[in-house]
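In what follows, a single structure is set out as structure tokens and then discussed.
The values are calculated or read from the model by the stated rules, or taken from the named source; none is laboratory data. Just so it is clear, the structure is predicted and the values come from calculations on it, not from any experiment. Neighbour counts run over all protein chains shown; Cβ positions are idealised from the backbone, glycine included.
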Amino acid sequence: MQIQTDTYKNARVLVIGDVMLDRYIWGAVERISPEAPVPVVKTGETSEILGGAGNVAANLAGLGCQVTLVGLLGDDETGRRITWLAEDMGITTRLTSSQERPTTTKTRIMAQKQQLFRLDSEVAVPLSETDETSIVTTCETAMTEVDALILSDYGKGIMQTDGLCHRLIRMASDKGIPVFVDPKGSDWDRYHGASCITPNTSELELVLGIRLDKGEASTAALVEETRTTYGLSHLLLTRGADGMCLKAGSDEPLFIPTEAREVFDVSGAGDTVIATLAASVAAGFPFDESARLANTAAGIVVGKLGTRPVTIAELKQSQSDKKKPDFIKICDRPTAAHKVALWQENGDTVVFTNGCFDLLHHGHVDILHKAKNLGDRLVVGLNSDASVRRLKGARRPIVKEEDRGAILSALSSVDLVVIFDEDTPIELIRAVRPDILVKGADYKPHEVVGKEVVESYGGRVELVPLMDGHSTTGIEQRILNNE
């Protein structure tokens, strides 16, 4: 089934679990401390996002679901920050404030495209009787109008009480609501009777007490054994680079290959999997198709640095990309802006150039190669057919825009092609915000469209030398003269 922007708008999902704040301090390492053999981090921007069960809810909100989040916060500023972040994303919050524990916070120090270390502020103990009663009462009300329930266990106390898990699963089952569990620890008895558990390989190994090999037959047997032991309808095992394995009753196991193309950070991938799986089932998708969509979503988020939820636009775009030949790199302006932002967050220098590229020739290939060598990624703005006609006359372009885009996509130096319909690429440049803007040396700096825009946020313009004797106009003229 093809994903649309409104596919999940009627899916109502309740998330219960360990809610926390993920704080990222971004910086750079330039030297080692003279006081100890540790890096000195020159800190820059600080960002805060929903973590734990909050990230599950953020993924659901990104897909367009109607989301309710139930959890426990401390009576502190961090807890109030979480409430504000959730409600700003359109998530309905039913968060209990506890006097007995602080809000769980994970602070990650990030530099050179990686996490250097993490600071955790938490009290991971089971719920008090008062807090448990408050959460059960909240859930009884919230569960009256939902299509799926997610139990997000991060081992911070909420889901560690067997009685609470059993009550929630029984309450949902009585109402015909499927229950999805992201597990923690080696004791899964508290999840008995859930609709589906979504462990990763290490989590399943912990429960079984053995190491899994990569063989499909042995993996399927162990997944089925675990599913039966805990009375589950389904078990979806996430296997990292080996994809997923879904087992349901007497059905044959379904092995789904991974779709990740670039892996920057696996943080939060499990949250994305269970959110997309539950949302898809709630939206009426069969379980096998829901698992495939969850696999696609996981492939998207591991390409991001830091914990980041998936969005419906990304999922829709990924489905569209599957229909293209692998070498096609054409995308629309919003998608390009998103991709460029991710590249830049991951430390890549993004170069931009533009042109009509009608009858691609050696001179074009040379300038694109030189442009790519100035950075890590090259984005090419391509004039549409209508734009070329306005600029070059009624006889142009000779080659249609989709064909010009496909030819550019085939070049190893090109990472992305964006077709624009305006006479100049100024709006495209404003959207993608490249680090370097490249034109041929036949331009003077003040003639380069977008120069002021790029320089306004710290980027720069580079003029690269052209090859003599190569131009589309010259080739066209020789063809018309039968030369």
* **Conditions (1) assigned to a helix (DSSP H, G or I); (2) acidic (Asp, Glu); (3) at pLDDT below 90: number failed by residue 468** => (1)
* **Only one of 210, 177, 150, 158 that is modelled with pLDDT under 95, among the β-branched types (Val, Ile, Thr) and either closer than 25 Å to residue 253 by Cα or not assigned by TED's automatic domain parsing to the domain that holds residue 243 (or both)** => 210
* **Sole residue being modelled with pLDDT under 90, surrounded by fewer than 18 Cβ atoms within 10 Å (Cβ to Cβ) and farther than 24 Å from residue 70 by Cα, chosen from 265, 242** => 242
* Lone qualifier among 27, 51 - being in the same structural domain as residue 154 (by TED's automatic domain parsing) and either without any contact (Cβ under 8 Å) to a residue 60 or more places away in the chain or surrounded by fewer than 20 Cβ atoms within 10 Å (Cβ to Cβ) (or both) -> 27
* What do you reckon, is residue 190 charged (D, E, K, R), without any contact (Cβ under 8 Å) to a residue 24 or more places away in the chain, assigned by TED's automatic domain parsing to the domain that holds residue 268 and assigned to a helix (DSSP H, G or I)? -> no
* To do: Evaluate segment 393-406: report whether one residue or more is in the same structural domain as residue 350 (by TED's automatic domain parsing), under 22 Å from residue 341 (Cβ atoms) and touching a strand residue (DSSP E or B) at 6+ places or on another chain (Cβ under 7 Å).
  => yes
* **In segment 432-457, the residues that are small (Gly, Ala, Ser) and either buried (at least 17 other Cβ atoms within 10 Å of the Cβ) or at pLDDT 90 or above (or both)** => 440, 450, 456
* Does residue 116 fit the bill of being closer than 30 Å to residue 66 by Cβ, touching a residue at least 60 places away in the same chain (Cβ under 8 Å) and outside any loop (DSSP other than H, G, I, E, B)? -> no
* **residue 16 vs. criteria closer than 30 Å to residue 294 by Cα and surrounded by fewer than 24 Cβ atoms within 10 Å (Cβ to Cβ)** => no
* Asked: Can you find even one residue in segment 453-463 that is of a type in the set (Val, Ile, Thr) and farther than 25 Å from residue 346 by Cβ?
  -> no
* Asked: Which of (1) part of a loop (DSSP other than H, G, I, E, B); (2) over 30 Å from residue 49 (Cβ atoms); (3) modelled with pLDDT of 80 or more does residue 365 not meet, given it meets every other one?
  -> (1)
* Which one is farthest from residue 57 (Cα to Cα) among residues in segment 310-344 that are at pLDDT 80 or above and of a type in the set (D, E, K, R)? -> 329
* Asked: Is segment 397-420 home to any residue that is hydrophobic (A, V, I, L, M, F, W, C) and without any contact (Cβ under 8 Å) to a residue 40 or more places away in the chain?
  -> no
* Exactly one of (1) within 21 Å of residue 16 (Cα to Cα); (2) in contact with a Cys (Cβ under 7 Å, 6 or more places away or on another chain) is unmet by residue 219. Its number? -> (1)
* Structure fact -> Output for Cβ contacts, cut-off 9 Å, separation at least six or different chains, first residue of a type in the set (Asp, Glu) in segment 154-170, second buried (at least 22 other Cβ atoms within 10 Å of the Cβ) and part of a helix (DSSP H, G or I), reads 162/190
* Check segment 181-188 and report whether any residue there is over 24 Å from residue 239 (Cβ atoms), modelled with pLDDT of 90 or more and surrounded by fewer than 22 Cβ atoms within 10 Å (Cβ to Cβ). => no
* To do: Kindly indicate whether any position in segment 216-230 is modelled with pLDDT of 95 or more, assigned by TED's automatic domain parsing to the domain that holds residue 201 and part of a loop (DSSP other than H, G, I, E, B).
  => yes
* Look through segment 95-109, keep the residues that are in a loop (DSSP other than H, G, I, E, B) and in contact (Cβ under 8 Å) with a residue 40 or more places away in the chain, and return whichever of them is nearest to the chain's Cα centre (by Cα). => 103
* Considering only residues that are small (Gly, Ala, Ser) and more than 28 Å from residue 286 (Cα to Cα), look in segment 127-156 and name the one that is surrounded by the fewest Cβ atoms within 10 Å (Cβ to Cβ). => 155
